[in-house]
Amino acid sequence: MPTLLEYALDYALACVIGAMLLCTVRLLRGPSAHDRVLALDTLWMTGMVLALVLGIRSGTQLYFEAAMLIALVGFVSTVAMAKFLMRGEIIE
């Protein structure tokens, strides 16, 4: 018999996948480059949350390490993209 935690994790998984789909739509159809960067940043965050939910569901540490890597790479890439859009160059 499934517990309340399993139902909550299934619901969270469905919500995260829905958010990822909406972010992908915004990434593909965004009216400006700034909207696309924001959608990509949100997509990184939802990918990190997806890894965390899967880690809680499976009970292994591997997903939590993957979530930390996704967060670090996502932060650096968002900062680089924002700087490129503002100044036209990344390294001064």
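Where a number appears in this text, it was derived from the coordinates with a stated rule and is not lab data. All values reported here derive from a predicted model rather than from experimental measurement.
As a check on your grasp of the helix formula, calculate [θ] at 222 nm for the chain: sum -39500 (n - 2.57) over DSSP H runs of n ≥ 4, divide by the residue count, round to the nearest 500. Show your work: numbers first, answer last.
Working: 3 runs with 78 residues, N = 92.
Computed ellipticity for the chain at 222 nm equals -30000 deg cm²/dmol.
Which angle between 0 and 90 degrees, to the nearest 10, do you get for helix 4-29 versus the longest principal axis of the chain when only C-alpha atoms count? Roughly 20 degrees, rounded to the nearest 10.
Using alpha-carbon pairs under 8 Å, 6+ residues apart, how would you state the relative contact order of the chain in percent? Display every interim value, and only then the final one.
Details: 71 pairs, mean separation 22.7, N = 92.
Relative contact order for the chain comes out at 25 percent.
Taking a ≥ b ≥ c as the square roots of the eigenvalues of the Cα gyration tensor, the chain is oblate, since a/c reaches 1.5 or more and a/b is not larger than b/c. For the options V16, V79, V53, a Gaussian network treatment of the chain with springs between C-alpha atoms closer than 10 Å singles out V79 as fluctuating the most. Among L28, L43, L54, the largest mean-square fluctuation in a Gaussian network model of the chain, built with springs joining Cα atoms closer than 10 Å, belongs to L28.
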